[in-house]
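K.L.:
To start, I am sharing the structure in question, which I have written as structure tokens.
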Amino acid sequence: MAAEDLQQLRELVEFLKANGIAEFDMERADLKVRLKFAGLQPPAAPAMDLSQLASAIAAQSAAAPAAATQAPVAVPATLPGATPVASAAAAAAEAGPEAGAHIVKSPIVGTFYDAPSPDSDSFVKVGDSVANGQVLCIVEAMKLMNEIEADAAGEIVKVYVKTGQPVEYGQPLFAIK
């Protein structure tokens, strides 16, 4: 990777950290970058101007014609200001009833609904037993209702979001023990 490419990547990392972006993926024909900062939580809503992100991506993709066999760039997990992974895991272990529970995360960005319609009962609530494959909620994305199913059997110990709330990709929805 050329020095100019590395400088642009550093600028992109600083931009993402400054705007509180916890995860970022970028893929081109000749380059694949995945950044995940330990200790940062994804924001509930975009915390930055999307035109800024688009210009940063455009600047990154316009520069650096690299070989098609370029390997992904690794970013150290211990960036300045990031929480070490070990201490984040220790904090999660002390988190309470959901400690050690399986977390069901949103596979898409959209709006969370806990029931099939506004006048219906919730699919599940805290204390309910669920089976693998059972519908837990709906995430609406682009006017499509996507049923989110349990990928583990057990008891619902926590619901992280409320109906009508926007959810991000990878955001925790339920804790199952």
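None of the figures in this text is laboratory data; all of them are computed from the coordinates on show. Here the structure is a predicted model, which means the values were calculated and not measured. Glycine also receives a Cβ, built like all others from the backbone with ideal geometry; neighbour counts cover every protein chain displayed.
K.L.:
Any idea what the alpha-carbon Rg over 2.2 N^0.38 Å comes to for the stretch 96-176?
P.N.:
After normalising by residue count via 2.2 N^0.38 Å, the value is 1.00.
K.L.:
Tell me the relative contact order for the stretch 96-176 as a rounded percent, counting alpha carbon contacts under 8 Å between residues six or more apart.
P.N.:
Reported as a whole number, the value is 43 percent.
K.L.:
Which entries of LYS105/LYS143; LYS36/LYS143; LYS36/LYS105; LYS125/LYS158; LYS36/LYS158; LYS125/LYS162 have Cα-Cα distances beyond 18 Å here?
P.N.:
The answer is LYS105/LYS143; LYS36/LYS143; LYS36/LYS158.
K.L.:
Here is a follow-up. Just name one of PRO107, ALA150, VAL124: the one whose Cα is farthest towards the positive end of the charge dipole of the stretch 96-176 (beta-carbon charges, Lys/Arg +1, Asp/Glu -1).
P.N.:
PRO107
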